[in-house]
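A short write-up of the structure that comes next.
Each reported figure results from applying straightforward, stated rules to the coordinates on display, with no laboratory input. Quick caveat: nothing in here was measured; it's all calculated off a predicted structure. Cβ placement follows ideal geometry from the backbone for every residue including glycine, while neighbour counts extend to all protein chains displayed.
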Amino acid sequence: MPTVAPPAAANVLELIGGTPAIFLDRLGSGVPGRVLLKLESANPGGSVKDRVAARCIADAEARGELRPGRPVVELTSGNMGIGLAIACAVKGYRLVAVMSSGNSSERRQQLAAYGAEVVLVPQAAGGVPGKVTGADLALVEARTRELVRELDGWRPDQFANPSNTSAHEATTGPELWAQARTEGGPLRAFVAIVGTGGTFVGVARALKVREPTIRCLAVEPVGASVLAGRPITNPGHKLQGAGYAFVPPAWQPSLCDGTVAIGDEEATATARELARREGVLGGFSTGANVAAALRLAREVEAGAVIATIACDTGLRYLSTDLYG
């Protein structure tokens, strides 16, 4: 346990990044490989998107695209919006967060708590709360574009903004590389679920430039494995913020060494075990990441490291059946 606290920061944005990582040796007992989980839930806003939000805002200011008085308008499933809400609170920007009504209620409540204006878009016909599909996202996209025009807003556009991947290439990837090497075991693979693709692409770039033999595998929901080229049979899965049944603009196939499909039940069961045996409260996507990493850990030599990400905190899923 650390005995010396870090120096005080000037503001909360300076606390983004530098997140801890832990080996899941309890959950992976009896498995030859070791799963290393980077706790992006330790960021101030509780998710991996804090890094992206802060980078997008800073880069837009540097280019002169974002200036005082101009609102920020963004499509979000919750995590990116919360990261933006924190950055906008510190910097004094108005934030309009546009999201599907199918996302968990905790996310919009937290957005509002930070002072963001939340615009909820009804789900497509037949939509199920807690299961946001590509059709739902298309409706949110259309409303976001309308609001950008109406308000003359600046849109981070996380799916297409290169600041998304560069944030992870510059920070998350190098941090994970250093953390994986602290115990001396070789880093054999990195696995991460793909939403915008920013985390996967950015981290994969950083890792492969350091060790080209590291396997980087994309995690996708069963029935929505578009990157694997499989037909879409289950667009209404529970892995919020991922698996929208289209290839994100930031995607780089050359960085992907394969895919791992994880179903709702396996993701849920793994997330519950992660909380009960390792004391880490994660969401559905974190459960999927850890499930995929455990699969790979069964296939490597003793002591080899499989790294993955805790995308956000499980506190955002208490209204769902994840921990019910």
Next item on the list: With label points built 7 Å along Cα→Cβ from the Cα atoms of A125 and A228, find their separation and express it in nm.
Entry: 3.1
Next item on the list: Starting from the Cα of R149, move 7 Å in the Cα-to-Cβ direction to define the label point; list residues of the range 58-77 whose amide nitrogen is under 20 Å from there.
Entry: 71-76
Check: Karplus couplings for the range 158-166 from phi (6.51 cos²θ - 1.76 cosθ + 1.60, θ = phi - 60°), rounded to Hz, Gly and Pro as x?
Finding: 4, 5, 10, 6, x, 5, 4, 6, 5
Next item on the list: Over the Cα atoms of the chain, compute the convex hull volume and normalise it per residue, giving Å³.
Entry: 132
Checklist line | Calculated SAXS-style log₁₀ I(q)/I(0) at q = 0.16, 0.17, 0.18, 0.22 Å⁻¹ - the range 49-151, Debye, Cα scatterers | finding: -0.66, -0.73, -0.81, -1.14
Check: On full extension of the chain, what length is gained from E211 through F246, given 0.36 nm per residue of separation minus the C-alpha to C-alpha distance?
Finding: 9.7 nm
Check: Near the amide H of A261, under 5 Å away, which other amide H atoms are found, from residues 5 or more places off or on another chain, if H is placed in the peptide plane?
Finding: E220
Margin query: Using +1 at the C-beta of Lys and Arg and -1 at the C-beta of Asp and Glu, which of T165, L187, G243 has the Cα lying farthest in the positive direction of the dipole of the chain?
Written below: L187
Check: Among the trypsin sites (Lys or Arg not before Pro) within the range 23-53, which fall in a DSSP loop and have no more than 13 other Cβ atoms within 10 Å of their own Cβ?
Finding: R26
Note to self: Run the helix sum for the chain: -39,500 (n - 2.57) per DSSP H stretch of 4+ residues, divided by residue count, reported at 222 nm to the nearest 500 deg cm²/dmol.
What the structure shows: -10500 deg cm²/dmol
Margin query: So if I restrict to the alpha-carbon atoms in the range 169-232, what is the Rg, and what is Dmax, the biggest pairwise distance, in Å?
Written below: 13.0, 41
Checklist line | Cut-off 14 Å between beta-carbons: net charge of the residues surrounding D59, Lys and Arg +1, Asp and Glu -1 | finding: +2
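Can you pull out the trypsin sites (Lys or Arg not before Pro) in the range 68-163 whose DSSP state is coil and whose Cβ has at most 16 other Cβ atoms within 10 Å?
On the way: sites: K91, R94, R107, R108, K131, R143, R145, R149; in loops: R94.
Listed in order of number, the matching sites are R94.
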Check: Roughly speaking, what is the centre-to-centre gap between the range 68-115 and the range 231-251 when only Cα atoms are used, to the nearest Å?
Finding: 22
Item checked: Residue-by-residue Karplus 3J(HN,Hα) for the range 16-21, coefficients 6.51, -1.76, 1.60, Hz, glycine and proline x -> 6, x, x, 6, x, 9
